[in-house]
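Enquirer: Okay, here's the structure, questions in a sec.
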Amino acid sequence: SKKCYKLLHHFFFHRVLLKAMKAAVLIQRWYRQYAARMEVRRRYTWNIFQSMEYADLQDQIKLYNFLGYLMDNFTPSSTERNLISHIFRENEVCRDAEWERYFSYNNITVPDIYSGPRLTFPLDMDQAAHLVEAFKNKQQLHSRYVLQLLLETWKLLRVLPNINRVSTCHSKEITICGDLHGQLEDLLLIFYKNGMPSLEKPYVFNGDYVDRGKDSIEILLILFAFLLVFPGDVYLNRGNHEDHIINLRYGFTKEVLNKYKLHGKRILKLLQKIFSWLPLVTVIDQRVLIVHGGISDTTDLALIARVDRHRYVSALRPPKKKTPSRTNVYADSERYDEMIICKNRRGSLTFPKPFGARESFQRRSLQDFSSTVARTLGEEFEVRRRQAEFSLSSFSKSHRILSSALSSDSEPESSEFTDTGNDEWKQILDLLWSDPMSHDGCIPNEVRGGGCYWGPDVTEGFLNRHNLQLIIRSHECKQDGYEFCHNRKVLTLFSASNYYEVGSNRGAFVRLGPDLVPYFVQYQATSMTRGLSFPQNVKRTEHTALKVLREQLFVHKSDLLSAFQEIDKENTGLICLNDWASAIERVLHLDLPWRVLHPQLVSSTTDGKLDYHGWFRDLALKKPSSEHIEQTMLETLYRHRSTLETIFRIVDTDNSGLITFEDFRQTLKLLSAYLKMEISDEVINELVISTDTNNDGSIDIDEFMEAFRLVDKSRLERGKSLLKPATDTFLSIHTLIELAFGFFFFFFFLKKHSFKFSLFLELKQQ
Amino acid sequence: MADKYSADTIITETQKRISNAFDVFDHESNKTVDVREIGTIIRSLGCFPSEADLHDIIAELEEEEPTGFVRYEKFLPTMTKILLERKFRPITEDLLLQAFEVLDQQKKGHLEPEELTKYLTQEGEPFTQEEMDEMLSAAVDPDKNVILYKDFFH
């Protein structure tokens, strides 16, 4: 019976074990399914942000193409053209003596009450560190010192070569950072983790210091300060956002004007020049290339080394070509404009000529855009002919007509001139704007409108030709802060964490020692994410992405409604999911998985059908005070508000943040021409009246744009996150008593939102 | 005839769902996904395969010479069949509760993190450390530092 007992015991034990194993498998199966669904949500959230970003980029390209088109086709004296022509004109202050005068800061007095840093030049390490500390404490550097700092920076940058050359000798590890985009928190975090730049701690910063984030100027000042203190150990590359025309749209211009009300305009003008003097690339140990965007199949470092980089002030404004026999041809820009033969196509907004197919100027890239800058006949003809050869996108009929018109009318030019200008420009565009792709080849980057997409074969060829082993670039946001591609020969490095939203991504920096093996450090700036689990992070980010998406749906309400009604011929007010998804795809042109997103965007369906009128009611706009402007007009203005704001800032020539009624009117007329839709005088008057709160005959741009904010009435918006006190307040507390408050919020948050709740909800949904 | 229509509709709807789910992971927009994401895609469509099940499916989907990628043309028919045949059905709440109760040998009504970790990283189809950490961060009650599994269910 002992044997029997042993057998029974063994049997039960075995059974129990078996049961446990089965239970484990079950739980694992269940959890993996849950995790997969979270992953999908994270993924499409990411897709949403990226496609919005790209759509916005394309908007900008379209706008500049449109403006360029205006330049081409309107009389030089027309008001509309004058409003915008200044951004296409060469920066008028170009000679050294004038620049020194422009930088003049001596007559700016600093009041005693100013408690920020008072810099003395030459700067030293203590002052640089003090500057960092001051910015950490939310202080602002006085404009006198800003100007002085910029002057010294400019003097230094002018003597730097296009290609920074760095060495890891003396066992120095070099730290490399990617995009910062005005996120001071991230820079501070990097310094905290890695130490500040010094003789023992060299740094390379890979561009895109400004725009989007709110502390762009502070980041620039810090980087410039360290550059001045350690010129042999701090290297700055230029990014595509170090460009004053881009800054008009993406926030840097606005930031500087708001922070420096008196001298902001001057500061911006100086930065315009300084950006153009930033070096283009950095090479470490002649083995590793660091560049902001990337390369193309024609990238040639020898050529890059030779260009006059400062002539390329903006990607959207190629430099005028210099030909030996034409040194004075740019002096008189008015007469110069008339040399363009466009007489058959001239017009103005008051006597509009047909624009031709919208596609003719919208599919043009930054490259094509160079053709709109005023030129001599011969150059114009030459450029267009050359472009027709290498451009992939087809030229409009009108351009071909223009070329042939030119060829028949023009006199043969005796002077020679080379392709160099255009080639150099393309080289620089490629360096600053390109993105890698996974298949072989090299194609124009139509999404960004400049640079190209380059494949692994191009990387291989490039590295071999230049005897390099690795390309480190930035320019694209990555979930984990960095990502390899092209067989680990290309590394994308992004240092702005939480770029799309709190919790959306980590930032990273990399250290390279003499062995040139990258060592990565990842981080996430806001302590709000501390203690948030992966599901929490996903949900937060998703929430924001969906909000943004709902905005898009709102602004296309009218078009969507028409699309739905076309399908719902019997006018039942109901539409099935499939049709809903197809209609949205057609109207929005956003490449997103609508059927996957459906449960997040639609709160309820009856019998699998959606009541679309009710659905629209959930999307609402907080109206500007005027109730008389009809829905479609509001929608349109809202949809194009970035474009509108950009035009405003262009029109605001003195960068004061205010524009006159008349200019405001003109701006709206410009917009209506761009959109090819009527914005009547009544509407314009209505808008003017409703926004002029100053009552002084001028309109504050910021105030006007404030009116366009979406109020979300959707039921999908559940309860605000607890951790949404004003970021500023939170951060300043944070810097004082870091850990304690961190824990405080951690437990406070957890008490309110038990982790298990999310799992519970998941179970309910099954 | 009505039946045929609805059958076709179901297939079309199903295939559209599959296409959408696939697209989320098709980063290059060239109708291929990394083979390592197949499990996620299948699960996102509502299925609960085990790792072993996935292994078999992937073997079916891979090319003669494994490229590391799965093409949509191969994925669609396989996945359609899985969905239409309702394979890998969801786990019922009762079963899941029982599973937790089995692991809770001492019938405490809750599980210690170490207990759960031991089972899930050693038994069945073991979790990676990362999977375990993630699950714990979502499942552990922060006050008591245990997994109150009963609260997952009503």
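Enquirer: Determine, from the Cβ-Cβ distance of residue B:143 and residue A:113 and an R0 of 35 Å, the FRET efficiency 1/(1 + (r/R0)^6), rounded to the nearest 0.05.
Expert: The pair residue B:143/residue A:113 has a calculated efficiency of 0.10.
Enquirer: Also, I was wondering about something else. Nearest 10 degrees, 0 to 90: what angle lies between the long axis of helix B:113-122 and the longest principal axis of chain B (Cα atoms)?
Expert: Approximately 40 degrees, to the nearest ten.
Enquirer: Further, regarding this structure: Which links in A:478/A:539; A:557/A:676; A:22/B:150; A:426/A:676 stretch past 22 Å when you go from one Cα to the other? Could you put the intermediate results ahead of the total?
Expert: On the way: A:478/A:539 18 Å; A:557/A:676 19 Å; A:22/B:150 19 Å; A:426/A:676 32 Å.
The pairs that break the limit, which is 22 Å between Cα atoms, are A:426/A:676.
Enquirer: Restricting to Cα pairs below 8 Å that are 6+ residues apart, what does the relative contact order work out to for the range A:429-579? Please round to a whole percent. Intermediate values should be presented prior to the final figure.
Expert: Numbers: 215 pairs, mean separation 18.3, N = 151.
Here the relative contact order equals 12 percent.
Enquirer: Place a +1 charge on the Cβ of each Lys and Arg in the range A:411-524 and a -1 charge on the Cβ of each Asp and Glu, then give the dipole magnitude about the Cα centre in debye, rounded to the nearest 20. It would help to have the intermediate numbers written out before the result.
Expert: On the way: 9 positive and 17 negative charges, 176 e Å.
So the dipole magnitude of the range A:411-524 works out to roughly 840 debye.
Enquirer: Just from its helices, what would the mean residue ellipticity at 222 nm be for chain B, if runs of 4 or more DSSP H residues each count -39500 (n - 2.57) and the sum is divided by every residue, rounded to the nearest 500 deg cm²/dmol?
Expert: Numbers: 7 runs with 87 residues, N = 154.
Counting only the DSSP helices, I get -17500 deg cm²/dmol.
Enquirer: Would you please name the trypsin sites (Lys or Arg not before Pro) within the range B:48-136 that are DSSP coil residues with at most 12 other C-beta atoms within 10 Å of their C-beta? Please list the in-between numbers first.
Expert: Working: sites: B:71, B:74, B:81, B:86, B:87, B:107, B:108, B:118; in loops: B:86, B:87, B:107, B:108.
Passing both the DSSP loop test and the Cβ count: B:86, B:107, B:108.
Enquirer: How much length is gained on full extension from residue A:14 to residue A:467, taking 0.36 nm per residue of separation minus their Cα-Cα distance? Working shown, then result.
Expert: Values: separation 453, 0.36 × 453 = 163.08 nm, distance 6.39 nm.
Length gained between residue A:14 and residue A:467: 156.7 nm.
Enquirer: Which pairs in the list B:31/B:81; A:155/A:193; A:136/A:547; A:136/A:193; A:62/A:265 are over 22 Å apart, alpha-carbon to alpha-carbon? Can you show the working numbers first?
Expert: On the way: B:31/B:81 19 Å; A:155/A:193 31 Å; A:136/A:547 31 Å; A:136/A:193 15 Å; A:62/A:265 26 Å.
With Cα atoms farther than 22 Å apart: A:155/A:193; A:136/A:547; A:62/A:265.
Enquirer: Something else now. Taking the Cα centre of the range A:238-303 as the origin and placing charges on Cβ (Lys, Arg +1; Asp, Glu -1), which of A:276, A:264, A:240 is farthest toward the positive end of the dipole?
Expert: Checked the options; the winner is A:264.
Enquirer: Pull out the extension gain between residue B:16 and residue B:129, defined as 0.36 nm times the separation in residues minus the alpha carbon to alpha carbon distance; nm, one decimal.
Expert: On the way: separation 113, 0.36 × 113 = 40.68 nm, distance 3.53 nm.
Here the answer is 37.2 nm.
Enquirer: Averaged over its residues, how many other protein chain Cβ atoms are within 10 Å of peptide B:99-108's Cβ atoms? Before the final figure, lay out the partial values.
Expert: Details: counts 11, 3, 1, 9, 6, 1, 2, 0, 0, 0.
Going residue by residue through B:99-108 and averaging, the value is 3.
Enquirer: Also, quick follow-up: Only Lys, Arg, Asp and Glu count, each charged at its Cβ (+1, +1, -1, -1), so figure out the dipole size of the range A:427-470 about its Cα centre, rounded to 20 debye.
Expert: Details: 2 positive and 6 negative charges, 27 e Å.
It comes to approximately 140 debye.
Enquirer: Quick check: pseudo-label points 7 Å beyond the Cα along Cα→Cβ at residue A:165 and residue A:125, how many nm apart are they?
Expert: In this crude label model, residue A:165 to residue A:125 measures out at 2.7 nm.
Enquirer: I want to check the label-to-label distance for residue B:106 and residue A:566. Put each point 7 Å from Cα in the C-beta direction and report it in nm to one decimal.
Expert: Inter-label distance under the simple model: 6.7 nm.
Enquirer: Return the Rg/Rh value of the range A:209-328, two decimal places, where both radii are evaluated on C-alpha atoms and Rh is the Kirkwood radius.
Expert: Working: Rg = 16.1 Å, Rh = 16.1 Å.
Value, to two decimals: 1.00.
Enquirer: Can you give the mean number of other chain Cβ atoms that lie within 10 Å of the Cβ atoms in peptide B:130-143? Working shown, then result.
Expert: Numbers: counts 1, 4, 1, 2, 7, 9, 2, 7, 14, 6, 3, 4, 9, 4.
For this peptide, the per-residue mean of nearby foreign Cβ atoms is 5.
Enquirer: Another question, then. Just flag the trypsin sites (Lys or Arg not before Pro) in the range A:532-617 sitting in loop per DSSP whose Cβ has no more than 13 other Cβ atoms within 10 Å.
Expert: Details: sites: A:539, A:540, A:547, A:550, A:557, A:569, A:586, A:595, A:609, A:617; in loops: A:569.
For trypsin sites (Lys or Arg not before Pro) across the range A:532-617 that sit outside H, G, I, E and B with at most 13 neighbouring Cβ atoms in 10 Å, the list reads A:569.
Enquirer: At a Förster distance of 22 Å, what's the computed FRET efficiency of residue B:27 paired with residue A:460, Cβ-Cβ distance as r, to 0.05?
Expert: Working: r = 21 Å, r/R0 = 0.97.
It comes to 0.55.
Enquirer: Next question, about the same structure. Report the extension gain between residue A:423 and residue A:656 in nm, rounded to one decimal, defined as 0.36 nm multiplied by the number of residues separating them, less their alpha carbon distance. Walk me through the intermediate numbers first.
Expert: Details: separation 233, 0.36 × 233 = 83.88 nm, distance 3.68 nm.
So the chain would gain 80.2 nm between residue A:423 and residue A:656.
Enquirer: At what distance in angstrom do the alpha carbon centres of the range A:445-482 and the range A:194-265 lie from each other?
Expert: 23
Enquirer: Suppose every Lys and Arg Cβ carries +1 and every Asp and Glu Cβ carries -1, with no other charges. What dipole size does the range A:8-72 come out with about its Cα centre, to the nearest 20 debye? Each step should come with its number before you reach the end.
Expert: On the way: 10 positive and 5 negative charges, 210 e Å.
Using only the charged Cβ atoms, the result is roughly 1020 debye.
Enquirer: What does the average come to when, for each residue of peptide B:16-22, you count the partner chain Cβ atoms lying within 10 Å of its Cβ?
Expert: Numbers: counts 6, 6, 1, 2, 9, 5, 1.
What the average comes to for B:16-22 is 4.
Enquirer: Now for a separate question. Quick one: what Rg and Dmax do you get for chain B from the alpha carbons, in Å?
Expert: 19.3, 60
Enquirer: Here is a follow-up. Compute the angle between helix B:2-25 and the longest alpha-carbon principal axis of chain B, please, reported from 0 to 90 degrees and rounded to the nearest 10.
Expert: Tilt relative to chain B: about 70 degrees.
Enquirer: Sticking with this one: What are the GluC sites (Glu not before Pro) within the range B:13-90 that DSSP puts in a loop, where the Cβ has at most 12 other Cβ atoms within 10 Å? Each step should come with its number before you reach the end.
Expert: Working: sites: B:13, B:28, B:37, B:51, B:60, B:62, B:63, B:64, B:73, B:85; in loops: B:28, B:62, B:63, B:64, B:85.
For GluC sites (Glu not before Pro) across the range B:13-90 that sit outside H, G, I, E and B with at most 12 neighbouring Cβ atoms in 10 Å, the list reads B:28, B:63, B:64, B:85.
Enquirer: Dividing the alpha-carbon radius of gyration of the range A:155-238 by 2.2 N^0.38 Å (N being the number of residues), what value is obtained?
Expert: Values: Rg = 12.5 Å, N = 84, 2.2 N^0.38 = 11.8 Å.
Normalised Cα radius of gyration, the range A:155-238: 1.05.
Here, each number is a calculation from the coordinates, and none is a lab measurement. Since the structure is predicted, the reported quantities are computational estimates derived from the model, not experimental observations. Please note: Cβ atoms are built from the backbone with ideal geometry, for glycine as well, and neighbour counts cover all protein chains shown.
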